[in-house]
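The values are calculated or read from the model by the stated rules, or taken from the named source; none is laboratory data. Small disclaimer: the values here were computed from a predicted structure and weren't measured. Neighbour counts run over all protein chains shown; Cβ positions are idealised from the backbone, glycine included. Heavy atoms of the whole protein, side chains included, go into the accessibility calculation; ligands, DNA and RNA do not. Shrake-Rupley method; radii C 1.70, N 1.55, O 1.52, S 1.80 Å.
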Amino acid sequence: MCTGGCAKCLGTVLIPLAVLCTLANILLFFPGGKVAQENAHITDEVWYFGGILGSGVLMIFPALVFLGLQNNDCCGCCGNQSCGKRFAMFSSIIFAAVGLLGAGYCFILSAVALNKGPKCNTGSSWTYPFVDGDYLTDHSLWNKCLAPENIVVWHLTLFSLLLIMSLIQGVLCGIQVVNGLFGTLCGDCKCCGCCGGDGTV
């Protein structure tokens, strides 16, 4: 597959992942699927918007750039004759790096949130009853959270999804860094040939 086509495939996958990460982050604002009585009852890591900013907004820009690479003509990108295909591929590396940062931000926040556990009502106060992710292996500890209902499952499911999806996003952006380097050095096989080829497909 040519570099432009590869980038388009990556962008096609990144868009739905960004949307899903955004939705997961939004759902975390509703502990146990219910409206929180106070903002202080929401887990702190949710307010850092890892899924909305990191794997959402910061991932949309690289995805759109990747999707547009295959449509750039051979002598220019986006109709600009002074901007060649190789420069377009080089710019995609920069956007891929932005995507890597966003995915990394979401991944780290999700890992911290999973290790920390949810904030919940233990009967005496709203606090974090778990220590160093002990609840992940001992489900009997889940009974420490009296409210909101099913908060541990809610927290664990959504942050696990964010962790996995941000990891996939990071891998895809890493692939585009490599793909972009090939495109910068060799050009796109559909127009200029790859590494001195004649462009025959």
Q: Could you calculate the FRET efficiency of ASN39 with ILE164 from 1/(1 + (r/R0)^6), where r is the beta carbon distance between them and R0 is 45 Å, rounded to 0.05?
A: 0.95
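So if each residue of separation counts as 0.36 nm, and I subtract the Cα-Cα distance between THR122 and PHE61, what length gain in nm does that give?
Here the segment from THR122 to PHE61 would lengthen by 17.8 nm.
With a 1.4 Å probe and all protein chains kept in place, how do CYS6, CYS106 rank by accessible area, largest first?
The most accessible residue leads, giving CYS6, CYS106.
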Q: Find the relative contact order for the stretch 1-62 and round it to a whole percent, using C-alpha pairs within less than 8 Å whose residues are 6+ positions apart.
A: 45
Q) How much length is gained if the chain between ASN115 and ASP138 is pulled fully straight, taking 0.36 nm per residue apart and subtracting their Cα-Cα distance, in nm to one decimal? A) 7.0 nm
Q: Arrange the residues TYR48, TYR135, TYR128, TYR105 by how much accessible surface each exposes, largest first, with a 1.4 angstrom probe.
A: TYR48, TYR105, TYR128, TYR135
Q: Just read off the accessible area of ASP132 with the full protein assembly in place, 1.4 Å probe, to the nearest 10 Å².
A: 120
